[in-house]
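Beneath this line is the structure, given in structure tokens, with notes to follow.
Taken together, the values in this text are just the output of simple stated rules run on the coordinates, not laboratory data. All values reported here derive from a predicted model rather than from experimental measurement. Note: ideal-geometry Cβ built from the backbone for every residue, glycine included; neighbour counts use all protein chains shown.
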Amino acid sequence: MGSKVRDRRQRRRIVAVALVVATVVGTGYAATTAAGKSKAEPVTLTISLFGDFGYHDLYKQYEKAHPGVTIKESIQDFAVHHSNLAKSVATGAGAADIEAIEVGFIAQFKAQPTRFVNLRQYGAGSLKDRWLSWKWAQGLGSKGEIVGLGTDVGSLAICYRRDLFQKAGLPTNRTAVSNLWPTWRAFVEAGKRFQKNAPKGVTFFDSGSNVYNAMIGQVNPAYYDRNGKVIVASNPKVKAAWDLTMAAIAAGESAGFAAFSNDWNTGYKKGSFATVTCPAWMMGYIQGQAPATKGKWDIALTPGTGGNWGGSYLAVPAQSKNAAVAADLVKFLTSPASEAYVFKQTGNLPSQPALLKSKAVAGFKNPFFNNAPVGQLFATSALRLKPQVIGPQQGAIQTASSNAIQRVEQKKQSPAKSWAQFLKDVKALS
């Protein structure tokens, strides 16, 4: 899940999907079921996530079908989660039985395949055709080890406040809004129009780093070339995305919030910004943070060509003492029925083509977002998505870029000095 945080308060019961899930769980992992019903020792499985992935009801279903299995979930901040996982993997101790890994970090961890259970030994190899081919490939080690199975894929759109657009004199119809910004430069120009008549204290977008990262998500290659070399300093498209972001900040279009900060969360509630770059999972986040804004939001196409933000994998560290049961739970949580269920709960978009083309997903409209056809919008984007070349320090480079943009927004450094510092930080990572 992408990336990156899902709010626990989002709960919509989708009965039809739940029945499918119950059926799948009830016919699940025979060895584990046998273990439970044969009075084997009880098993407590731990799973560590960086936000709410929408699994709570699925845990209950799994536990009911597998007597003796208890699932305990822990949730940490995005950066803290991956930092702790890196330490646990390095020391061989402290990891949960199942660990979530965001796409920006999967290259880092799959480069250490012996530190994780190869899920092939638990039958995951036969499931290959369920996933988008590139999503499956991103979870493989250099020798074909299955380090992680894919959960969601981010896809990308623009969520916008219809009421704030209306007050600023911009169109509110999602087709007309999409037409405002065929390119990111046009997006920035639309922001200038918005700011001229914006309600007091309201900016066009939430965070410079979120806009920048959306631009970077459409560039391939971006931070790494196809040979695995870091090309941040030499790639003109990276600098172009930076320069355009700086122009938008200079025009007063950014609220300057750090994504997932308390200020950002409060900004949703207060209506401090009118747009946010919006992967599918962001829908659940917005609904959780600002439930009173139902009907005020809508969703438009992203500038440029598609893009992606987030998407994750579930992996079993080799240090797990419950590897067989953990591997089975990973297969269950990433099953077609489970991914369809989670989509209806949180908006986390399945990474499986059959689901993306299904009526349950493609036909889904979200009433919170003015009945936007979110299933069709995000599914179409995901099916057209061309994966970006990523490397082992992808996540760290992205963090460094966000820090650099924040320094400018907080007026701690000029754009030129912050860019130079960013390049130094990237060089230190290489």
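Given in Å, the Rg to one decimal and the Dmax to the nearest whole number for the Cα atoms of the range 215-295 are 16.2, 48.
Going from the fewest other Cβ atoms within 10 Å to the most, the residues F109, F204 appear in the order F109, F204.
The amide H of V153, built 1.01 Å from its N in the peptide plane, has L349, S351 as neighbours under 5 Å, considering only residues 5 or more places off or on other chains. Please report the antiparallel percentage of DSSP beta bridges with both residues in the chain, rounded to the nearest 5. Here the antiparallel bridges make up roughly 60 percent for the chain.
Size of the chain from its Cα atoms: along the principal axes, largest to smallest, the extents are 70, 47, 34 Å. Ordering V238, V202 from the fewest to the most neighbouring beta carbons within 10 Å gives V202, V238.
Computed extension length for A176-K269: 30.9 nm, one decimal, from 0.36 nm per residue of separation with the Cα-Cα distance subtracted. Over the chain, DSSP H runs of length four or greater, each weighted -39,500 (n - 2.57), average out per residue to a 222 nm ellipticity of -13500 deg cm²/dmol. Above 17 Å, the calculated P(r) of the range 371-430 contains 57 percent of its Cα-Cα pairs.
Taking each of K87/K427; K72/K359; K192/K294; K239/K386; K167/K344; K110/K229 in turn, the alpha-carbon distance tops 24 angstrom for K72/K359; K192/K294; K167/K344.
Between the C-alpha center of the range 264-289 and that of the range 114-146 there is a gap of 34 Å.
Footprinting exposure proxy ranking of L132, L164, fewest other C-beta atoms within 10 angstrom first, gives L132, L164. Go ahead and collect, in residue order, the members of the range 393-421 whose backbone nitrogen is under 17 Å from a label point 7 Å along the Cα-Cβ direction of K239. Label zone hits: 415-421. Using the Cβ-Cβ distance between T91 and K412 with R0 set to 41 Å, the FRET efficiency works out to roughly 0.70. Among the trypsin sites (Lys or Arg not before Pro) within the range 239-331, those in coil by DSSP and having at most 15 neighbouring Cβ atoms inside 10 Å are K294, K321. Charge tally for G217 (other residues, Cβ to Cβ under 12 Å; Lys, Arg +1; Asp, Glu -1): +2. What trypsin sites (Lys or Arg not before Pro) in the range 91-167 are in a loop by DSSP, with at most 16 other Cβ atoms within 10 Å of the Cβ? Answer by residue number: K143.
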